[in-house]
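**Q** Shown below is the structure under consideration.
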Amino acid sequence: MVHEVLDHAVGRGLPILGYGRAVELLAATAPTTVAVAGSHSTTMAAAALTCALVSRDPGWILAEAPRGDSAGYDGGGELLVVDLCPDSSGHDASPPGWRFRSLGEGLTPAVTLLTAADAAPPCWWNQQEALDQMEALARRSGTVVLWAAQPGCLELADRLRRRRGPSVVTVGRGADMDVQVLGSFWTGEEHRVTVQAGGERHTFTVPVAGTNSAMAVATAWAAGWALGVPGHELVDGLGAFAGVERSLTRLGTSGGIDVVASIAVHPREIEADLQGARMLTEGAVVALYEPSGHLRSNTLAGLIADALTAADRTVLLPVHSTFPRHHNRVDGGESILTASPAGTVIRYEPGLDQPGPESLVASLVRRGDLVLTIGPHAARRIGPSLLAALDRS
């Protein structure tokens, strides 16, 4: 819903329960909460964590669940895993000031895993805003696990160590990390990851493509370890982790061309998934990209354009936006197109006499190539018709 509708409801005296407040109320029912938060890259980590902690029978609040499970709320146990990555398409992402709630307000997690602290408009317009809110959440936590290589995380670690506060656990490849990732090997079908913590080494195998995805699973292992769960139990739990639906998930193959889905939104997620897609093919990678929101697309147009250069070509769909575009605001797709190198991005313009975007994509690929669909709405539904178009071409 747009702000005007909700404001009208409040004016009529109707009670409003925002998503953020609903999460807080549900999380308060569990004796122990583990939060996963960040400006991006939370989905894989949160989903993997629910599997890693299976010996503790966790509940969850997840926007995207592990493959085979359902997203949403599944509670009732002693432990609850909560993905706090804000939904940029929702009203809570950019509410009027009088209804603003900070990240995870009201939560006191036993462990908080922070995956990145970076600009992610309209939730955080700059990195400073993201750092301030994540520090506030961290200081309400017992232990904070930080993905060291991600934007803002080392700065956040420095902030937390300047004065007394939560225990800080860093995760990364360096020898100075509390949880050291010793290796991540891609077999062609799965990642084999070795971590070291507390003088012990553990290795687990997960069927996820992309170095970033493998590292996200490693941070989930670290969060479970910080909670006090033995490393071998976490490894056993991850043995059942099959990845996340639409996170580099193969939708099918037609005419020798693979179609793979991505749920990436932030530019860093987009770039990471395009790089991960390279692991799944020896041919070209063509992106079918649907931007999420005009505000986000206009503000991050340069970063999105840079991220899309990881593809050989990109077909740009119209922007999906929950809120109507203001007549004075530039179209987000136009901003991305302008910021992109000439010839790398082709904008699809829908029309009554125009073939669908499937035909445009089919004209750009050949046997052995891969198409990565990225986006929240049209791109999410296009898989079957795209496979049919590839079969006809």
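Residue by residue, here is whether (1) out of contact with any Gly (no Cβ under 6 Å at 6 or more places or on another chain); (2) within 28 Å of T299 (Cβ to Cβ); (3) outside the structural domain of G198 (by TED's automatic domain parsing) holds:
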position	(1), (2), (3)
A216	yes, yes, no
T219	yes, yes, no
P230	yes, no, no
L234	no, no, no
E271	yes, yes, yes
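**Q** Taking the options R313, R278, name whichever one is modelled with pLDDT of 95 or more, in contact with a strand residue (DSSP E or B) (Cβ under 8 Å, 6 or more places away or on another chain), surrounded by fewer than 21 Cβ atoms within 10 Å (Cβ to Cβ) and farther than 28 Å from F185 by Cβ.
**A** Values: R278 fails: farther than 28 Å from F185 by Cβ.
So the residue among R313, R278 that is modelled with pLDDT of 95 or more, in contact with a strand residue (DSSP E or B) (Cβ under 8 Å, 6 or more places away or on another chain), surrounded by fewer than 21 Cβ atoms within 10 Å (Cβ to Cβ) and farther than 28 Å from F185 by Cβ is R313.
**Q** So which of A110, A149 ends up being within 17 Å of A46 (Cα to Cα) and touching a Gly at 6+ places or on another chain (Cβ under 9 Å)?
**A** One residue alone meets the criteria, A110.
**Q** More than 23 Å from V260 (Cα to Cα), assigned to a loop (DSSP other than H, G, I, E, B), without any contact (Cβ under 8 Å) to a residue 60 or more places away in the chain and under 22 Å from the mean Cα position of the chain (by Cα) - does that describe any residue in the stretch 159-176? Steps first, answer last, please.
**A** Keep residues of the stretch 159-176 that are more than 23 Å from V260 (Cα to Cα), which gives 159-176.
With the extra rule that they be assigned to a loop (DSSP other than H, G, I, E, B), the set shrinks to 163-166, 173-176.
Now restrict to residues that are without any contact (Cβ under 8 Å) to a residue 60 or more places away in the chain: 163-166, 173-176.
Okay, now just the ones that are also under 22 Å from the mean Cα position of the chain (by Cα), so 173.
The answer is yes, given that some residue of the stretch 159-176 is more than 23 Å from V260 (Cα to Cα), assigned to a loop (DSSP other than H, G, I, E, B), without any contact (Cβ under 8 Å) to a residue 60 or more places away in the chain and under 22 Å from the mean Cα position of the chain (by Cα).
**Q** May I ask you to list pairs of residues, at least six apart or on different chains, whose Cβ atoms are under 7 Å apart, with the first in the stretch 253-271 being at positive phi and the second being outside any loop (DSSP other than H, G, I, E, B)?
**A** G255/L390; G255/D391
Let's see how each residue does on (1) without any contact (Cβ under 8 Å) to a residue 24 or more places away in the chain; (2) under 19 Å from the mean Cα position of the chain (by Cα); (3) crowded, with 17+ Cβ neighbours inside 10 Å; (4) part of a loop (DSSP other than H, G, I, E, B):
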position: G106; (1), (2), (3), (4): no, no, no, yes
position: L131; (1), (2), (3), (4): no, yes, yes, no
position: E135; (1), (2), (3), (4): no, no, yes, no
position: P151; (1), (2), (3), (4): no, yes, yes, yes
position: L154; (1), (2), (3), (4): yes, no, no, no
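The values are calculated or read from the model by the stated rules, or taken from the named source; none is laboratory data. Nothing here was measured: the structure is a model prediction, and the numbers come from that model. Note that each Cβ is placed from the backbone with ideal geometry, even for glycine, and that neighbours are counted across all protein chains shown.
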